[in-house]
1. Does Tyr428 fit the bill of being among the aromatic types (Phe, Trp, Tyr) and open to solvent by less than 10 Å² (accessible area, probe 1.4 Å)?
2. Have a look at Gln119, Gln82, Gln158, Gln170 and point out the one that is surrounded by 10 or more Cβ atoms within 10 Å (Cβ to Cβ) and modelled with pLDDT under 75.
3. Can you pull out every residue in the stretch 398-413 that is without any contact (Cβ under 8 Å) to a residue 40 or more places away in the chain and either touching a Phe, Trp or Tyr at 6+ places or on another chain (Cβ under 9 Å) or open to solvent by less than 50 Å² (accessible area, probe 1.4 Å) (or both)?
4. Specify which of the listed residues (Lys271, Lys238) is open to solvent by 20 Å² or more (accessible area, probe 1.4 Å) and more than 14 Å from the chain's Cα centre (by Cα).
5. For the stretch 303-321, does any single residue satisfy the condition of being in a helix (DSSP H, G or I) and in contact with a strand residue (DSSP E or B) (Cβ under 7 Å, 6 or more places away or on another chain)?
6. Let me confirm something: among Val487, Val513, Val483, which residue is open to solvent by less than 50 Å² (accessible area, probe 1.4 Å) and in contact with a Leu (Cβ under 7 Å, 6 or more places away or on another chain)?
7. Could you give every pair whose Cβ atoms fall below 8 Å, whose first residue belongs to the stretch 243-256 and is touching a residue at least 60 places away in the same chain (Cβ under 8 Å), and whose second residue is outside any helix (DSSP H, G or I) and polar (S, T, N, Q), counting only separations of at least 6 or pairs across chains?
8. Quick check, is Leu331 modelled with pLDDT of 80 or more, at negative phi and open to solvent by 20 Å² or more (accessible area, probe 1.4 Å)?
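The values are calculated or read from the model by the stated rules, or taken from the named source; none is laboratory data. Keep in mind it's a predicted model, so treat the numbers as computed, not measured. Cβ atoms come from the backbone with ideal geometry, glycine included; neighbour counts cover every protein chain shown. These accessible areas exclude ligands, DNA and RNA; they are computed on the full protein's heavy atoms, side chains included. Shrake-Rupley method; radii C 1.70, N 1.55, O 1.52, S 1.80 Å.
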Amino acid sequence: MGSLETGIPLKRNNLFRSFSSVRTERHPFSQRPRSRFSRFLLFKKLDYLQWICTVAVFLFFVVLFQMFLPGSVEKSGNSSLQDNVEVSSGDFKFLKEMGVLDFGEDIRFEPSKLLDKFQREAREAILYSPAFNRTKQRFPYRKPQLAMVFADLLVDSQKLLMVTVAAALQEIGYEFQVYSLEDGPVHDVWRTIGIPVTIIQAFDKTGIVVDWLNYDGILVNSFEARGVFSCFVQEPFKSLPLIWTIHERSLATRSRKYISSGRIDLLNDWKRIFNRSSVVVFPNYILPMIYSTFDVGNFFVIPGTPAEAWEADTVMALHKDNLRVKMGYELEDAVIAIVGSQFMYRGLWLEHAIILQALLPVLSDFPLDNNSNSNLKIVVLSGDSTSNYGVVFEEIAINLTYPSGIVKHKAIDVDADNILSTADLVIYGSFLEEQSFPEVLMKAMCFEKPIIAPDLSMIRKYVDDRVNGYLFPKENPKFLTQVIRQVFSNGKLSSLAHNIASIGRSTARNLMVSETVEGYASLLVNVLKLPSEVAPPKDVAEMPLNFKEKWQWHLFEALSNSTYINCTLRSYTFLDKFEQQWNNAPKDRPLSADDGPFLYSIWEEEKNIEIANARKRKEEEELKDRSDQSHGTWEEVYRSAKRADRSKQDLHERDEGELERTGQPLSIYEPYFGEGTWPFLHLSSLYRGIGLLKLDEMSYYIQSHMYTWTGYLQSTKGRRPGAEDIDASARLPLLDNPYYRDILGEYGAFFAIANRIDRVHKNAWIGFQSWRATARKVCFC
């Protein structure tokens, strides 16, 4: 086990036996036994000085932790955080190194998988470009075609963003078509910028009848448009580049409820939609983190949205009266709001405490009311309604000797808009270098409030000191006291502060427009794989500047009187409705690992049945070819058709269609690929489908968990259930090879019918019509 000198403790019994033997040898006569702890110290031969130093260091860190722990600060009137703790940048560094607190430096989102994919595809594009590969030449005669899909055309900030992006991308060579599940006032806005709009029905019996192959890429907006994903998860549309933009938080919040309640089936269904998207785009860097449950490596951030300016305008329009009185403030009060990063890290409270410490000297600059209370009111806007952040700041305010009632805490998920709209000054109290401009600071500027923020690089990029805001050095928070005294004069905002707030509002209303437009342009270049007949778009540098400087506010001015829409409430309403439909829909038992042998046995049985039926059909056809057969009378044909139907179970109800085609001189065959084309196929006896895609239903079922075995048996090899479709690969085995199937395309159906044509159709005339002809609303006859 080891000796006593190694510092490794022995087991209790062994230790006792070792001590007993030593005591017997050294003290043969009976003596009073020492205590167990004293014997341990004696025979360990420990250095007592080392013990004393260890205890002293331990007590030092206990005192240090108690000093900085908000919930453990004693309510002593003689001690204060200002007197005991003087925090500087060196103290921050010390606390980081000791691991006592973290200040969020490791909170970053990097789409590494997606960026690696873009870089790899860019290298391949250069390698196979015409400069290196002369066999690949481009003959462009059309522009890139993009489809934009919306759940509705109601007036909100997301429509403003996408209208701005589409108008800008049109200038560099893209063409758009808008599809929406519901109509709305924004319909006229799209037509104003020259983009046609089509209203589609997501839950029609025949499905969504849109030929998505006409487009080089699809842009879906909001998870409320998930009804169209039923098309994109099926062939031939499942390989189309699809960019899904998500602005709402409600699905991420609801996903935690799914996990806690065990709704894994519902969670997996949403994951399947996320997995289908080529890229999922978010407007800020916190959304991909809270949506991490659905992350499959395709998350991307394009910063910039007019949502904050839109919400600020809406709040000011709804509360034209004096909101300060409703919030409990007097007209003479000076309200200062302290906000912080949207990320909650352990050191955020200390950063806010430093801001409170810097505000303490200016407390005497504000007059007192009739009750000898200061007119200065400080509101710390941070945390959520479920946290104990308010208790922490009550302790901090007491230890900083603030009078009672001056410092209050409000949850950011409840009172953010009301506090920001009533505040006279907004101070950004976080020193975290974020990846994009803080949204809470942007909203404060949109409320036309003067802001004070540390000179972080991302803030310095958009805020000029004493032009559209105030900055103070993050290394010297004490400088904040001087800045606040410049903002207020005799307890009121100075005229300079009012002018700075006005300029700041103009800046914030159109903040990061260029980043958004250029981000979408760059993303499309990386995602789209344009064929040789498509002219590549222009470089984003050739885009006119006026399309990158402002959101298209002027297009929505005529819609300003439209009814206000609470997007958050609407998204939760959609989720409730979707969950209700999901609960009412019939469900099968989910697939588990124990079902593997059972599924394989069913697949083997189905395969053996198909082989036996094929062998039987081949024998019957050989016997039939050896004897002369006459067409016979109508009754004989009918009995023959009924007998063939009973012997060929996989053809289903063929009697009526077979009889109708027997009396017709023409039959038109419609080649198709996959279930996505079924809404375009005809159901009359004149037409007959021929499936070119041979699916591996076993693997598809295991991956999607969406099809039952009944559906599997009815739609074997991608044929429509209940229809008389022909399997092209069964008639022409060459089509089993994906290479030849892709090369031949719909011509493979011609060869499949030409091979043994007399065994399928004995009439004189045969026609072929592509399913895409129906999509274009043209007809063969």
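1. Working: among the aromatic types (Phe, Trp, Tyr): yes; open to solvent by less than 10 Å² (accessible area, probe 1.4 Å): yes.
Yes: the conditions hold for Tyr428.
2. Details: Gln119 fails: modelled with pLDDT under 75; Gln158 fails: modelled with pLDDT under 75; Gln170 fails: modelled with pLDDT under 75.
Result of the check over Gln119, Gln82, Gln158, Gln170: Gln82.
3. The answer is Gly405, Lys408, His409, Ala411.
4. Numbers: Lys271 fails: more than 14 Å from the chain's Cα centre (by Cα).
Lys238 is the lone residue from the list that is open to solvent by 20 Å² or more (accessible area, probe 1.4 Å) and more than 14 Å from the chain's Cα centre (by Cα).
5. Applying the first criterion (in a helix (DSSP H, G or I)) to the stretch 303-321 yields 307-318.
Checking which are in contact with a strand residue (DSSP E or B) (Cβ under 7 Å, 6 or more places away or on another chain) leaves us with none.
No, that holds for no residue.
6. Working: Val513 fails: in contact with a Leu (Cβ under 7 Å, 6 or more places away or on another chain); Val483 fails: in contact with a Leu (Cβ under 7 Å, 6 or more places away or on another chain).
Result of the check over Val487, Val513, Val483: Val487.
7. Ile243/Ser277; Ile243/Ser278; Thr245/Asn221; Thr245/Ser222; His247/Ser222; His247/Thr305; Glu248/Ser222
8. On the way: modelled with pLDDT of 80 or more: yes; at negative phi: yes; open to solvent by 20 Å² or more (accessible area, probe 1.4 Å): yes.
Taking the combined requirement at face value, the residue satisfies it.
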